[in-house]
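Undergrad: To start, I am sharing the structure in question, which I have written as structure tokens.
The values are calculated or read from the model by the stated rules, or taken from the named source; none is laboratory data. All values reported here derive from a predicted model rather than from experimental measurement. With ideal geometry, Cβ positions are generated from the backbone for all residues, glycine too; neighbour counts draw on all protein chains shown. All accessible areas refer to the heavy atoms of the entire protein, side chains included, with ligands and DNA or RNA removed. Shrake-Rupley method; radii C 1.70, N 1.55, O 1.52, S 1.80 Å.
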Amino acid sequence: MDERLIEVRDLDKAYRPKTFLRAKGEAKLANQGINLDIYQGEVLGLVGESGSGKSTLGRLLLGFESPTSGQIRYFPDQEGTQVDFKPQIVFQNNLAAMNPQLSVLDVVAEPLLRTQSRAEAREAAKDYLEQVGIPEDKWSHRPRSFSGGQLQRVNIARALADQPNFIVLDEPVSALDVSVQASIINLLMDLQEAHQLTYLFITHDLSIARVISDRIAVMKEGHLVEVQATEALFDNPQEAYTRDLLAAIPSLKV
Ligand code: ADP
Ligand code: MG
């Protein structure tokens, strides 16, 4: 776990408020002075309160947006290397991202049509639906008939079918019933191992981050306050803010 996949240096991201109520809003720094290394094959948890800048950092790492200043480097960045950096994302709101007219098989196959024939894309989609545990008799069904947990499985299959090596999971289980969360987390952990994936796992829920993460980065008001191996963070948090977050986990309260 010591090959770097991503290096972030002195990263800032500013947004101008969109509100009409303020004529000239001051730019707000959603990410501020971020320094972070992400290693190949690790699960890095990114935790923090709502609005702390987690999704912004995820979008910057995916290249969906550009930093206001600072650098993001992706490895390997030398010519002649076999593996390219290939990111994918899984969001919380899984139904919104799917064409409601398609069967889930075609939902998964659709992005593959850019590079594959329809038959090839559908074969691949079957394989990925199998891997995420969607039974064959459901492949022809439309997304609307699926439960939240099953939809998230389809969403994961679609991300996997692109053969990424880095996946940003932005609150992937936050919209699910607690009883379903564990099965999705287990699936994600199995897939991570099987496909040697690197995850940035974004969550506001520290107890979920603890289960899946090798390391955890704590974000507050656009800053990374602390990055530690998961158990070290729980055993020996370095920052007062992290201690407050840990104290707020219901199941950990004494
Ligand atoms: P989190 O994911 O931790 O809840 P976000 O990264 O979504 O936090 O947001 C961090 C801050 O940046 C918030 O104050 C949010 O309102 C602001 N922000 C995020 N995206 C935009 C945007 N596209 N335009 C303006 N402000 C934004
Ligand atoms: Mg967010």
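Undergrad: Residues of the range 153-176 being in contact with a His (Cβ under 9 Å, 6 or more places away or on another chain) and of a type outside the set (A, V, I, L, M, F, W, C), which ones?
TA: The first filter runs over the range 153-176 and keeps only residues in contact with a His (Cβ under 9 Å, 6 or more places away or on another chain), leaving 160, 163-165, 171, 174.
Once the filter is applied, which keeps residues that are in contact with a His (Cβ under 9 Å, 6 or more places away or on another chain) and of a type outside the set (A, V, I, L, M, F, W, C), the range 153-176 yields Gln163, Pro164, Asn165, Glu171, Ser174.
Undergrad: I need the full set of residues from the range 188-210 which are surrounded by 18 or more Cβ atoms within 10 Å (Cβ to Cβ) and more than 16 Å from ligand 2 (Cβ to nearest atom), in order please.
TA: Across the range 188-210, the qualifying residues are Leu188, Leu191, Gln192, Leu197, Thr198, Arg210.
Undergrad: Can you tell me which residue among Arg122, Arg118, Arg114, Arg73 is touching a Leu at 6+ places or on another chain (Cβ under 7 Å), away from ligand 1 (no atom under 16 Å from the Cβ) and of a type outside the set (Ser, Thr, Tyr)? Give the derivation first.
TA: Details: Arg118 fails: touching a Leu at 6+ places or on another chain (Cβ under 7 Å); Arg114 fails: touching a Leu at 6+ places or on another chain (Cβ under 7 Å); Arg73 fails: touching a Leu at 6+ places or on another chain (Cβ under 7 Å).
So the residue among Arg122, Arg118, Arg114, Arg73 that is touching a Leu at 6+ places or on another chain (Cβ under 7 Å), away from ligand 1 (no atom under 16 Å from the Cβ) and of a type outside the set (Ser, Thr, Tyr) is Arg122.
Undergrad: Working only within the range 212-222, note down all residues that are closer than 20 Å to Tyr39 by Cα and open to solvent by less than 30 Å² (accessible area, probe 1.4 Å).
TA: To start, the set of residues in the range 212-222 that are closer than 20 Å to Tyr39 by Cα comprises 212-219.
Once the filter is applied, which keeps residues that are closer than 20 Å to Tyr39 by Cα and open to solvent by less than 30 Å² (accessible area, probe 1.4 Å), the range 212-222 yields Ile212, Ser213, Ile216, Ala217, Val218, Met219.
Undergrad: Can you tell me which residue in the range 136-159 is surrounded by the fewest Cβ atoms within 10 Å (Cβ to Cβ), limited to those that are touching a Phe, Trp or Tyr at 6+ places or on another chain (Cβ under 9 Å) and either assigned by TED's automatic domain parsing to the domain that holds Leu206 or free of Cβ contacts under 8 Å to residues at least 40 places away in the same chain (or both)?
TA: Lys138
Undergrad: Does at least one position in the range 95-107 carry a residue that is more than 27 Å from Val180 (Cα to Cα), of a type in the set (Val, Ile, Thr) and touching a residue at least 40 places away in the same chain (Cβ under 8 Å)? I'd like the intermediate steps shown before the answer.
TA: The initial filter retains those residues of the range 95-107 that are more than 27 Å from Val180 (Cα to Cα), namely none.
No; the residues of the range 95-107 include none that is more than 27 Å from Val180 (Cα to Cα), of a type in the set (Val, Ile, Thr) and touching a residue at least 40 places away in the same chain (Cβ under 8 Å).
Per-residue answers, yes or no, for (1) more than 16 Å from ligand 2 (Cβ to nearest atom); (2) outside the structural domain of Tyr241 (by TED's automatic domain parsing); (3) over 20 Å from the mean Cα position of the chain (by Cα); (4) open to solvent by 80 Å² or more (accessible area, probe 1.4 Å):
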site: Val43; (1), (2), (3), (4): yes, no, no, no
site: Arg59; (1), (2), (3), (4): no, no, no, no
site: Phe64; (1), (2), (3), (4): no, no, no, yes
site: Tyr74; (1), (2), (3), (4): yes, no, no, no
site: Ala125; (1), (2), (3), (4): yes, yes, yes, no
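Undergrad: Still on this structure: Looking at Leu191, Leu187, Leu200, Leu176 in this structure, which one is of a type outside the set (Phe, Trp, Tyr) and assigned to a loop (DSSP other than H, G, I, E, B)?
TA: Values: Leu191 fails: assigned to a loop (DSSP other than H, G, I, E, B); Leu187 fails: assigned to a loop (DSSP other than H, G, I, E, B); Leu200 fails: assigned to a loop (DSSP other than H, G, I, E, B).
One residue alone meets the criteria, Leu176.
Undergrad: Further question: State whether the residues of the range 179-186 include one that is surrounded by fewer than 21 Cβ atoms within 10 Å (Cβ to Cβ), of a type in the set (Ser, Thr, Tyr) and either out of contact with any Cys (no Cβ under 8 Å at 6 or more places or on another chain) or at pLDDT below 95 (or both).
TA: Among the residues of the range 179-186, at least one is surrounded by fewer than 21 Cβ atoms within 10 Å (Cβ to Cβ), of a type in the set (Ser, Thr, Tyr) and either out of contact with any Cys (no Cβ under 8 Å at 6 or more places or on another chain) or at pLDDT below 95 (or both), which makes the answer yes.
Undergrad: Then there is this: I'm checking my understanding of the structure. Among residues of the range 223-254 that are assigned to a loop (DSSP other than H, G, I, E, B) and at pLDDT 95 or above, which one is surrounded by the most Cβ atoms within 10 Å (Cβ to Cβ)? Can you show your working first?
TA: So the first thing to find is which residues in the range 223-254 are assigned to a loop (DSSP other than H, G, I, E, B), and the list is 236-239, 248-249, 253-254.
Right, trim to at pLDDT 95 or above and you get 236-239.
Numbers: Asn236: 10, Pro237: 20, Gln238: 14, Glu239: 14.
Result: Pro237.
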